[in-house]
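Just below is one structure, and these are the notes that go with it.
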């Protein structure tokens, strides 16, 4: 019975999300777009960009970057930027506000949620906005203090 529950819960909490990411670089006034896939399980997120041989896997224990059969493993402290990104993705998709409250103040107005960074992140990030429609992410935009921004939108 436990195995059955484990299999069902893994299936229910596991999802593959196609997305496109637009990165605006203010210094050169240019946008770059990538497409990719996120696979989200209960405590694991796998990221792959199309056309790349790199896969990035986030778990509670570490972050692994896999390229052409080579595996590099980093602690969360060694790779803070990836850790923050994956925790943000996990928290938004699983509606885990506890995880968000470690680094942000949450301001929700109607359908749009704005995350205001705490001290450490406030030196780099202005805010993060996102909107969900049921379990689907309409968009998530990270606004940086240097006027760069990254927008992630789910592809249909």
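Condition first: out of contact with any strand residue (DSSP E or B) (no Cβ under 8 Å at 6 or more places or on another chain) and part of a helix (DSSP H, G or I). Now tell me which residues in the stretch 62-84 satisfy that.
The answer is 80, 81, 84.
For the stretch 21-32, indicate whether the set of residues that are modelled with pLDDT under 95 and part of a loop (DSSP other than H, G, I, E, B) is non-empty.
no
Which condition from (1) surrounded by 12 or more Cβ atoms within 10 Å (Cβ to Cβ); (2) at pLDDT below 95 is the one that residue 11 breaks?
In the conditions (1) surrounded by 12 or more Cβ atoms within 10 Å (Cβ to Cβ); (2) at pLDDT below 95, residue 11 misses (1) alone.
Going residue by residue through the stretch 56-66, is there one that turns out to be crowded, with 16+ Cβ neighbours inside 10 Å, in contact (Cβ under 8 Å) with a residue 40 or more places away in the chain and within 28 Å of residue 26 (Cβ to Cβ)?
Scanning the stretch 56-66, I find no residue that is crowded, with 16+ Cβ neighbours inside 10 Å, in contact (Cβ under 8 Å) with a residue 40 or more places away in the chain and within 28 Å of residue 26 (Cβ to Cβ), so the answer is no.
Return yes or no: is residue 88 buried (at least 18 other Cβ atoms within 10 Å of the Cβ), outside any strand (DSSP E or B) and touching a helix residue (DSSP H, G or I) at 6+ places or on another chain (Cβ under 9 Å)?
Working: buried (at least 18 other Cβ atoms within 10 Å of the Cβ): yes; outside any strand (DSSP E or B): yes; touching a helix residue (DSSP H, G or I) at 6+ places or on another chain (Cβ under 9 Å): yes.
So residue 88 fits the description; yes.
Go through (1) free of Cβ contacts under 8 Å to residues at least 60 places away in the same chain; (2) within 29 Å of residue 26 (Cβ to Cβ); (3) in contact with a helix residue (DSSP H, G or I) (Cβ under 6 Å, 6 or more places away or on another chain) one by one and return the number of the condition residue 147 breaks.
(1)
Which of the residues that make up the stretch 96-124 are assigned to a strand (DSSP E or B) and surrounded by fewer than 14 Cβ atoms within 10 Å (Cβ to Cβ)?
Passing the criteria: 105, 106, 107, 108, 109, 112.
Being out of contact with any helix residue (DSSP H, G or I) (no Cβ under 7 Å at 6 or more places or on another chain), over 28 Å from residue 117 (Cα atoms) and at pLDDT below 90, is that true of even one residue in the stretch 45-64? Explain how you work it out, then say what you get.
Taking the stretch 45-64 as the starting set, the residues that turn out to be out of contact with any helix residue (DSSP H, G or I) (no Cβ under 7 Å at 6 or more places or on another chain) are 46-55, 57, 59-62, 64.
Going one step further and asking which of them are over 28 Å from residue 117 (Cα atoms), we end up with 50-54.
Retained after the next criterion (residues that are at pLDDT below 90): none.
No.
The values are calculated or read from the model by the stated rules, or taken from the named source; none is laboratory data. Small disclaimer: the values here were computed from a predicted structure and weren't measured. Please note: Cβ atoms are built from the backbone with ideal geometry, for glycine as well, and neighbour counts cover all protein chains shown.
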